[in-house]
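Enquirer: One structure follows; several queries about it will come next.
The values are calculated or read from the model by the stated rules, or taken from the named source; none is laboratory data. Quick caveat: nothing in here was measured; it's all calculated off a predicted structure. Using ideal geometry, Cβ is built from the backbone for each residue, glycine included, and neighbour counts are taken over all protein chains shown. Remember, those area values only see protein heavy atoms, side chains included, never the ligands or the DNA or RNA. Shrake-Rupley method; radii C 1.70, N 1.55, O 1.52, S 1.80 Å.
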Amino acid sequence: MVALSVLLDVFLPVLPSGVLVITAATAAAAGTAADVPDILALTLCAATASVLGDLVAYRLAWRGGARLDRAISRSRRLTTAQERLGTALARGGGALVVLARFAPAGRSLVSLGAGAAHRRARDFLPWSALAGLTWATYSVALGYFGAHLLGASWLATAVSVGALFGAGAGAAYLMRREPRTS
């Protein structure tokens with residue numbers, strides 16, 4: 001269920017994939033002393049599903065052709081975001097891909113934008129993998145350490161989810177800032 005939610009949230013950003021990952025990590029931390037393999041498996045599962053979702057969106061957008069280009073060109077914000085993404089990827093600034101994984105709908109924008117702009121997969125894939133692993137590790141760590149610090153309770157899950165939303169708000173703020181000109 002976690003993998004499916006993470007895989008599909010690139011297309012439906014309203015899916016609670018982060019909440020599911022945190023809840024699963026909290027539940028794993030509440031288990032026995034053998035919870036470390038569960039945590040590692042959850043992290044790898046979430047990271048792999050994240051990268052696969054990004055690649056599916058990237059390939060669909062790559063093949064989207066004129067219809068997707070027209071949809072993007074109707075929105076000034078999407079056009080600007082696509083141009084900034086293209087510039088960032090061309091300069092090796094894949095940190096935007098990692099940052100976007102934490103922002104609400106940022107993952108969708110970056111994956112679809114990179115595909116629609118026909119960016120090379122070798123420029124996008126390593127950053128997508130790093131983004132997926134970073135996000136999965138952060139989300140699992142929130143649930144795991146939240147459970148150990150606050151106990152395996154709804155409070156621990158709520159605090160962890162709040163921290164995830166805080167990271168998303170921070171990422172969204174950083175993505176919306178105008179880049180500095182040198």
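Enquirer: Can you tell me how many residues in region 113-124 are open to solvent by 10 Å² or more (accessible area, probe 1.4 Å), at pLDDT 85 or above and not charged (D, E, K, R)?
Expert: Adding up the residues that qualify gives 1.
Enquirer: Could you list all residues from region 1-29 that are in a loop (DSSP other than H, G, I, E, B), under 17 Å from Ser111 (Cα atoms) and either open to solvent by 50 Å² or more (accessible area, probe 1.4 Å) or not acidic (Asp, Glu) (or both)?
Expert: Residues satisfying the conditions are Val10, Phe11, Leu12, Pro13, Val14, Leu15.
Enquirer: Take the residues of region 53-79 that are of a type in the set (A, V, I, L, M) and open to solvent by less than 30 Å² (accessible area, probe 1.4 Å): which is farthest from Leu12 (Cα to Cα)?
Expert: My answer is Ile72.
Enquirer: Also, quick follow-up: Filter region 125-175 down to the residues that are crowded, with 23+ Cβ neighbours inside 10 Å and of a type outside the set (Phe, Trp, Tyr) and list them by number.
Expert: Ser128, Ala131, Gly132, Ala136, Ser139, Val140, Leu142, Gly143, Gly146, Ala147, Ala156, Ser160
Enquirer: Under 7 Å between Cβ atoms, which residue pairs at least 6 apart in sequence (or on different chains) link something in region 1-16 that is touching a residue at least 24 places away in the same chain (Cβ under 8 Å) with a partner that is among the charged types (D, E, K, R)?
Expert: Close Cβ pairs (under 7 Å, with a partner that is among the charged types (D, E, K, R)) amount to Val10/Asp54; Val10/Arg107.
Enquirer: Check region 38-52 and report whether any residue there is surrounded by fewer than 20 Cβ atoms within 10 Å (Cβ to Cβ), out of contact with any helix residue (DSSP H, G or I) (no Cβ under 8 Å at 6 or more places or on another chain) and assigned to a helix (DSSP H, G or I).
Expert: Within region 38-52, one or more residues are surrounded by fewer than 20 Cβ atoms within 10 Å (Cβ to Cβ), out of contact with any helix residue (DSSP H, G or I) (no Cβ under 8 Å at 6 or more places or on another chain) and assigned to a helix (DSSP H, G or I).
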